[in-house]
Amino acid sequence: MDHSKAPVLEALTAYHESGQKPFTPPGHKQARGADPRVRSVLGDAVFSSDVLATSGLDDRRSSHGVLEKAQELMADAVGARHTFFSTCGSSLSVKSAMLSVAGPHEKLLVGRDAHKSVVSGLILSGIEPVWVEPQWDAERHLAHPPSAEGFAAAFREHPDARGALVTSPTPYGTCSDLGAITEACHALGKPVIVDEAWGAHLPFHADLPTWAMDAGADVCVTSVHKMGSGLEQGSVFHLQGDLVKPEVLKSREDLLGTTSPSVLIYAALDGWRRQMVEHGKTLYDDALALAQDVRSQISAIDGFHVHGRDDFCGPGRSADMDPLQIIIDITALGTTGYRAADWIREHHHINLHLSDHRRISAQLTHADDEATTAGLITALRDLAAHAADLRPAPRVEVPPPGRLRLEQSMLPRDAFFGRTEQIPWERAEGRISAEMLTPYPPGIPAVLPGERLNADVLTYLRTGVDAGMVVPDAVDKDVKTVRVVARD
């Protein structure tokens, strides 16, 4: 296929050149109706390319196949059988994938390190999750992805499960052994969904971790806006094999997706595919070399430990890691990642990626260079020099893994939509949660609807919030009260 083509971008160019006059949405009519104060910030180019996908970019019948051609090019670029674009982020794409494999009251194996969007899918669908536990690193207080044996064991216990959902890479850049997981699932005729939101770049360089389609996964969901050049909410989901039908996956996306997709997001996805096919190898040659240099410079700063393969990969841990996710343990500074991230933002206007009770992280992409990373290194050196100002930090009481995991006592859907009450956190032990409680980022829920709360997890969240943790999906964001299932 001719990857110099970009069907969406070319259709936008033709739209502009033809001088079409819309008597359709959007109501701003090519920026003319937009407030000048808005136009001064966003620019007119945003509005001029904000057109309808049909009766705008394409005709009413979509007979020019603009979007279809762009999706075919994306599939060809990465070696998938089918590709679908989404303008509602991977939060929608992963729900579509889940619903294409399992339905209400059917079982789906899900790694317990799943993103909150997966839990939202369970709530909406009524799917019964069978949780597969991550591999806990007691030394680093970090959960590595579930193992292939963990998924195989779950299928032995629940042979009626319809398939499996794996998160890889995690927001920490750690990767599952997808090849072994898909082999175990396919031996039973079960499909594998991979939430690869953090892996849009993986197909385009041999020195990056193996991406889901190459590992044999059936459906792969990717957030192009996270590690690629897409606009926010730009997502794609890929399909191969015969275990999931393309018409089923598309119908589930139609059920959940917007009827007013953003052509701006489509255009960025289309252009990113062309960029990667033509220049991806060179761009990631440079990005990987830069990441290696940045890792070395940060490692030389007193009080910093940059996690590498020796920390994250091996038996009982991850199968691989993405070196562009630079995870830094700052335990030796005597402060928390929350305080460190806030200090760097305040004093250097640099926004870090993740922060937790003992780590901060910086996400590099093909867009970074020595100029951007120089500012990061300067900020981190300054942080180390001012660490005393951030001590003593409030202590986050992280429970051992056996107490961090909660019993699933109800379906997430039943707990979320049932009768509820809001009670003080001190009285919530033993009650069933009716809400998600998710430290964010990375967005992996500590508590799910339907799980029975214990004192350890409640104390972890309360001490975490006092230390700077953000729990945005809680009804009470301070977690001084908790929403639970009402008692009869």
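Would you confirm, using the coordinates I've provided, whether GLU346 is more than 20 Å from the chain's Cα centre (by Cα), loosely packed, with under 13 Cβ neighbours inside 10 Å, within 30 Å of SER93 (Cβ to Cβ) and not β-branched (Val, Ile, Thr)? The answer is no for GLU346. Residue check: is GLU149 closer than 16 Å to GLN408 by Cβ, open to solvent by 20 Å² or more (accessible area, probe 1.4 Å) and not hydrophobic (A, V, I, L, M, F, W, C)? Criteria not met by GLU149.
Here VAL465 meets each of (1) out of contact with any helix residue (DSSP H, G or I) (no Cβ under 8 Å at 6 or more places or on another chain); (2) aliphatic (A, V, I, L, M); (3) surrounded by fewer than 20 Cβ atoms within 10 Å (Cβ to Cβ) with one exception, condition (3). Scanning region 451-488 for residues that are outside any helix (DSSP H, G or I) and closer than 16 Å to LYS116 by Cβ returns GLU451, MET469, VAL470, VAL471, PRO472, ASP473, ALA474, VAL475, LYS477, VAL479, ARG483. For region 390-440, the set of residues classified as touching a strand residue (DSSP E or B) at 6+ places or on another chain (Cβ under 7 Å) and among the aliphatic types (A, V, I, L, M) consists of LEU406, MET410, LEU411, ALA415, ILE423, ALA428, ILE432, ALA434, MET436, LEU437, listed by residue number.
In region 382-433, the qualifying residues are those that are within 27 Å of HIS105 (Cα to Cα) and part of a strand (DSSP E or B), and the one that is least open to solvent (accessible area, probe 1.4 Å) is SER433. Every condition in (1) modelled with pLDDT under 95; (2) closer than 24 Å to VAL447 by Cβ is met by VAL130 except one, and the failing one is (1).
Results for (1) at pLDDT below 95; (2) more than 16 Å from ALA467 (Cβ to Cβ), shown as yes or no for each residue.
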{"residue": "PRO315", "(1), (2)": "yes, yes"}
{"residue": "SER318", "(1), (2)": "no, yes"}
{"residue": "ILE326", "(1), (2)": "no, yes"}
{"residue": "THR331", "(1), (2)": "no, no"}
{"residue": "THR336", "(1), (2)": "no, no"}
{"residue": "ALA340", "(1), (2)": "no, no"}
{"residue": "ILE344", "(1), (2)": "no, yes"}
{"residue": "HIS347", "(1), (2)": "no, yes"}
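Of the residues making up region 149-201, those that are over 24 Å from SER96 (Cβ atoms) and assigned to a loop (DSSP other than H, G, I, E, B) are PRO159, TYR172, GLY173, ASP177, ALA187.
Condition check ((1) of a type outside the set (D, E, K, R); (2) farther than 30 Å from TYR15 by Cα; (3) without any contact (Cβ under 8 Å) to a residue 60 or more places away in the chain) across all residues:
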| residue | (1), (2), (3) |
| --- | --- |
| VAL244 | yes, yes, no |
| SER262 | yes, no, no |
| GLY271 | yes, no, no |
| THR282 | yes, yes, yes |
| ASP285 | no, yes, no |
| SER318 | yes, yes, no |
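In the set ASP311, ASP270, only one residue is over 22 Å from TYR440 (Cα atoms) and either at pLDDT below 95 or surrounded by fewer than 22 Cβ atoms within 10 Å (Cβ to Cβ) (or both); that residue is ASP311. Of the residues LEU243, LEU239, LEU188, the single one that is open to solvent by 10 Å² or more (accessible area, probe 1.4 Å) and under 19 Å from HIS82 (Cβ atoms) is LEU243. Which members of region 11-26 meet the condition of being assigned to a loop (DSSP other than H, G, I, E, B) and under 16 Å from LEU264 (Cβ atoms)? Within region 11-26, PRO22, PRO25, PRO26 qualify.
A single entry from ARG81, ARG61 fulfils the requirement of being farther than 20 Å from ARG252 by Cα and over 15 Å from the mean Cα position of the chain (by Cα): ARG61.
For region 246-267, a residue qualifies if it is within 21 Å of LEU57 (Cβ to Cβ) and open to solvent by less than 40 Å² (accessible area, probe 1.4 Å), and the qualifying residues are GLU253, GLY257, PRO261, SER262, VAL263, ILE265, TYR266, ALA267.
Among residues that are under 28 Å from the mean Cα position of the chain (by Cα), open to solvent by 20 Å² or more (accessible area, probe 1.4 Å) and over 25 Å from ARG462 (Cα atoms), ALA374 is included. Selection of region 88-102 for residues being in a loop (DSSP other than H, G, I, E, B) and modelled with pLDDT of 95 or more yields only ALA102.
The condition of being free of Cβ contacts under 8 Å to residues at least 12 places away in the same chain and among the polar types (S, T, N, Q) holds for SER62.
The values are calculated or read from the model by the stated rules, or taken from the named source; none is laboratory data. Here the structure is a predicted model, which means the values were calculated and not measured. As a convention, Cβ positions derive from the backbone with ideal geometry for all residues, glycine included, and neighbour counts pool all protein chains shown. Areas reflect the complete protein model, heavy atoms only, side chains present, ligands, DNA and RNA absent. Shrake-Rupley method; radii C 1.70, N 1.55, O 1.52, S 1.80 Å.
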